[in-house]
């Protein structure tokens, strides 16, 4: 735990950015945690970074969903329709991800974050053109959202929000509903990574499967404190400009992670 202070700083930054820009923080946490775990000579650094990030997102998702619920911005029927597929997709993919090599995961993560960054830089928004599909289709879409979220350790907002706005859901409700959907993603993904790494013997102390508990606790503690600060500033600062800066940061961090794993 000689790098305990780094986990606190990471939590403070992630909470602030999550509140300011409405993102879960996985795009920051995964590459930084990978670097920290490699510095600590942890085996399975990439898998542990993904698992620990998802576990830390549990608290931020809960806090965010509760905040949006206060503004009546969560469409709970949509959450319930997506959740069965999300739970299954996230759990299965998290367990399968344990079998994938670190480099493959790093490449997928970097490519997906490049896609997210491109959306932010170009302000790409889907044109609303249809209504929400039926229960079976919603469960299938939830499965896809959960599967991708487990592979890149995000709360799913970069997939859920565009899908809901495409289906003519108001952006405020799309964001609020996505925040609520992030909780089952984080819980199921955390469980999957805990199960898949449970029998490994070369993981550090205080690990539950691939999840490094000290990092989860320290990150969660600070992120819960700084998230309200980001929310407060979101109404005062030029968020559109900040999102472009954040997009560039995502690209840099993802490239650094890929370089660290590959070389």
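The values are calculated or read from the model by the stated rules, or taken from the named source; none is laboratory data. Remember, predicted model here, so these are calculated numbers, not experimental data. Because the Cβ atoms are built from the backbone with ideal geometry, glycine has one as well, and the counts that use them run over all protein chains shown.
A compact table of results
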{"quantity": "Count - residues of region 68-114 that are in a helix (DSSP H, G or I) and either over 20 Å from residue 165 (Cβ atoms) or without any contact (Cβ under 8 Å) to a residue 40 or more places away in the chain (or both)", "calculated": "27"}
{"quantity": "Residue that is touching a helix residue (DSSP H, G or I) at 6+ places or on another chain (Cβ under 8 Å), modelled with pLDDT of 85 or more, surrounded by 14 or more Cβ atoms within 10 Å (Cβ to Cβ) and closer than 22 Å to residue 27 by Cα, where the choices are 132, 121, 183", "calculated": "183"}
{"quantity": "Which listed residue, of 192, 155, 176, 146, is crowded, with 21+ Cβ neighbours inside 10 Å and either in contact with a strand residue (DSSP E or B) (Cβ under 8 Å, 6 or more places away or on another chain) or part of a loop (DSSP other than H, G, I, E, B) (or both)", "calculated": "155"}
{"quantity": "Only one of 200, 218, 250, 242 that is closer than 30 Å to residue 96 by Cβ, crowded, with 16+ Cβ neighbours inside 10 Å and at pLDDT below 90", "calculated": "250"}
{"quantity": "The listed residue being in a helix (DSSP H, G or I) and out of contact with any strand residue (DSSP E or B) (no Cβ under 6 Å at 6 or more places or on another chain), out of 201, 131, 165", "calculated": "165"}
{"quantity": "Failed condition for residue 212, given (1) at pLDDT 85 or above; (2) surrounded by fewer than 24 Cβ atoms within 10 Å (Cβ to Cβ); (3) under 17 Å from the mean Cα position of the chain (by Cα); (4) within 25 Å of residue 145 (Cα to Cα)", "calculated": "(2)"}
{"quantity": "Candidates 158, 220, 178, filtered to the one that is in contact (Cβ under 8 Å) with a residue 40 or more places away in the chain, under 15 Å from the mean Cα position of the chain (by Cα) and within 28 Å of residue 130 (Cβ to Cβ)", "calculated": "158"}
{"quantity": "Answer from 18, 51 - the residue that is crowded, with 19+ Cβ neighbours inside 10 Å, touching a residue at least 12 places away in the same chain (Cβ under 8 Å), touching a strand residue (DSSP E or B) at 6+ places or on another chain (Cβ under 7 Å) and part of a helix (DSSP H, G or I)", "calculated": "51"}
